[in-house]
Amino acid sequence: MTATKKITRSQRFIKLEKKYGAHNYEPIPVVLDRGEGVYVWDVEGKKYYDFLAAYSAVAHGHCHPGLVETLISQSRKLTLTSRAFYNSKLGEYEKFITGFFGYDKMLPANTGAEGVESALKLCRKWAYEVKGVPKNQAKIITCENNFHGRTISIISSSTDPVAKNNFGPFTPGFVVIPYNDINALKEVLKDKTISGFLVEPVQAEAGVIVPDSGYLAACYDLCKKNNVLFIADEIQTGLGRCGYILACDEEEVRPDILILGKALAGGMMPVSAVLADDEIMMALKPGQHGSTYGGNPLACALAMTALQIIRDEKLPENSYRLGNILRIEIEKIRKEYPETILSVRGKGLLNAIVIRNQAGKTAWDLCMDFKNNGLLAKPTHGDKIRFAPPLVITEEQIIECVEIIRKTVRNFN
Ligand SMILES: *Cc1c(COP(=O)(O)O)cnc(C)c1O
């Protein structure tokens with residue numbers, strides 16, 4: 001007798017990715033097929049709460065009707081011209097986004113990493129041509145445990161060995177200091193070739209590390225005193241994620257260079273932006289920097305709609321209010337099960353719990369249990385789990401998610 005081993009539809013898709021795709025990710029074994037708002041469905045039709053929201057890119061919820069409408073209408077009209085010519089959307093978008101955030105100029109790009117790279121190049125240009133740093137000596141400060149993307153220059157200042165190992169040689173010109181350490185910043189600013197300080201208002205990828213209150217404002221003041229650009233990577237923390245339109249707003253800090261991405265096109269396509277005033281941005285002259293897809297009309301239309309929705313649907317306010325509720329409720333679960341959950345932290349709807357790895361069971365196992373109970377989350381750095389749902393989530397849905405989390409943690413041991 002031959003037993004034919006039946007594999008599920010999910011297993012079939014997973015096998016395809018394993019066989020034909022590069023193995024640079026280790027996904028939770030669920031194959032998603034459809035999404036709407038805060039929910040996603042797998043190929044077997046099982047429904048889940050999305051508690052990762054594509055690393056905060058899907059702030060508007062999956063397939064937001066307003067974004068779908070813009071995607072369809074603009075894609076019927078014009079999608080890409082390149083910057084060899086003007087197009088009828090870019091100027092309108094530049095006016096809109098600079099007005100929205102209060103800057104003179106915007107430089108359009110696609111992925112977050114490209115936005116960061118562009119900001120680093122812009123900072124260096126400014127250093128030589130405005131600040132007057134001697135040729136090839138400009139340095140940019142970054143923080144330990146940063147995450148700014150995956151290009152060689154960006155990982156050159158990473159302190160994560162997994163992100164760096166065997167990718168060298170690296171780009172020089174970075175100085176790495178501890179995060180949330182004002183004195184460390186003060187110390188390195190004595191070096192007059194320092195030109196910029198690149199920082200995440202909350203270190204999301206590192207496991208949602210929230211700095212002390214007043215840290216960003218103090219860093220900004222030190223940068224001002226030393227004629228150094230304060231560069232905020234708000235690719236993940238911005239656009240409402242942390243309970244404000246920008247996480248820097250909480251301390252009334254206005255970055256010299258602001259980098260946005262992820263939710264800027266609400267999950268429809270990669271769109272990033274670098275914002276700055278003329279004194280900085282005008283250091284870039286024709287031909288010195290560019291991007292074929294940067295500023296394409298489809299991206300411009302989507303970003304305008306995405307920003308309009310963030311404002312109209314009050315996503316930062318919702319994130320602030322529901323983030324507080326979520327942390328209070330998870331804190332109750334932590335008190336009930338302190339042997340499993342060590343701590344809860346976050347801002348707005350960017351949150352994480354730290355798990356005590358016990359008896360061979362890890363954060364990964366807990367995420368598998370969450371999945372089986374209808375909630376998708378991903379572990380990071382072994383013992384942390386991020387809770388970052390779409391910002392359109394309702395209080396009722398948050399409470400339902402809290403119940404899923406409570407039930408799962410109760411049965412974890
Ligand atoms: C995701 C992220 C990036 C990189 O964005 P990609 O679109 O993946 O290149 C950079 N900085 C921060 C803070 C991020 O969260």
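Exposed loop sites here are GluC sites (Glu not before Pro) assigned a DSSP state other than H, G, I, E or B and surrounded by at most 16 other beta carbons within 10 Å; excluding them, the longest clear run of the chain is 45-251.
With only the Cα atoms considered, the range 70-196 has a convex hull volume of 178 Å³ per residue. With r as the distance between the Cβ atoms of Glu403 and Glu44 and R0 = 22 Å, compute the FRET efficiency 1/(1 + (r/R0)^6) and round to 0.05. According to the calculation, E is roughly 0.45. The loop-placed chymotrypsin sites (Phe, Trp or Tyr not before Pro) in the range 111-211, going by DSSP, that have at most 15 neighbouring Cβ atoms within 10 Å of their Cβ come out as Phe167, Phe170. Would you mind classifying the range 241-313 by shape? Square roots of the alpha carbon gyration tensor eigenvalues, ordered a ≥ b ≥ c; an a/c under 1.5 is rounded, otherwise it is prolate if a/b is larger than b/c and oblate if not. Verdict is oblate for the range 241-313. How would the range 14-152 be classified by its alpha-carbon gyration tensor: rounded, prolate or oblate, with rounded meaning a/c under 1.5 and the a/b versus b/c comparison settling the rest? Since a/c reaches 1.5 but b/c is at least a/b, the shape of the range 14-152 is classed as oblate. Is the shape of the range 158-275 rounded, prolate or oblate, going by the alpha carbon gyration tensor and its root eigenvalues a ≥ b ≥ c, with a/c under 1.5 for rounded and a/b larger than b/c for prolate? Here the range 158-275 falls in the oblate category. Measuring between their Cα centroids, the range 3-75 and the range 240-255 lie 30 Å from each other. Between His23 and Asp212, the distance separating the two model label sites (each 7 Å from Cα on the Cα→Cβ line) works out to 4.5 nm. Take every DSSP beta bridge with both residues inside the chain and express the antiparallel ones as a percent of the total, to the nearest 5. The answer is about 65 percent antiparallel. Here the range 7-30 is scanned for amide nitrogen atoms under 11 Å from the site 7 Å beyond the Cα of Arg150 along Cα-to-Cβ, giving 22-26. Compared with the direct C-alpha span, the chain from Ser82 to Lys186 gains 33.2 nm at full extension, assuming 0.36 nm per residue. Protein heavy-atom surface of the range 83-212, 1.4 angstrom probe: 54% of the accessible area is carbon and sulfur, with nucleic acids and ligands not counted.
Here the Kirkwood formula, the inverse mean of 1/r across different C-alpha pairs, assigns the range 65-312 a hydrodynamic radius of 18.4 Å.
The calculated FRET efficiency for Glu336 paired with Lys225, based on their beta-carbon distance and R0 = 56 Å, is about 0.70. Once C-alpha pairs closer than 8 Å and six or more residues apart are averaged by separation and normalised to the residue number of the chain, the relative contact order reads 22 percent.
Between Gln288 and Arg12, the contour length at 0.36 nm per residue exceeds the alpha carbon distance by 94.7 nm. With unit charges on the beta carbon (Lys/Arg positive, Asp/Glu negative), name the residue among His23, Tyr220, Cys300 whose Cα is farthest towards the positive pole of the charge dipole of the chain. Farthest towards the positive pole: His23. The loop-placed chymotrypsin sites (Phe, Trp or Tyr not before Pro) in the range 48-88, going by DSSP, that have at most 13 neighbouring Cβ atoms within 10 Å of their Cβ come out as Phe85, Tyr86.
With both labels modelled 7 Å from their Cα along Cα-to-Cβ, the Glu395 to Lys5 distance reads 5.1 nm.
Note on Val175 and Glu92: their simple-model spin labels are 4.6 nm apart, each label 7 Å out from Cα toward Cβ. When the C-alpha to C-alpha distance is required to be over 31 Å, the pairs from Lys46/Lys384; Lys192/Lys285; Lys77/Lys347 that qualify are Lys77/Lys347.
The values are calculated or read from the model by the stated rules, or taken from the named source; none is laboratory data. A quick note: this is a predicted structure, and the numbers were derived from the prediction, not measured. A quick note on method: Cβ atoms are made from the backbone with ideal geometry, for glycine too, and the neighbour counts reach across all protein chains shown. Protein only, heavy atoms only, side chains kept; ligands, DNA and RNA dropped before computing areas. Shrake-Rupley method; radii C 1.70, N 1.55, O 1.52, S 1.80 Å.
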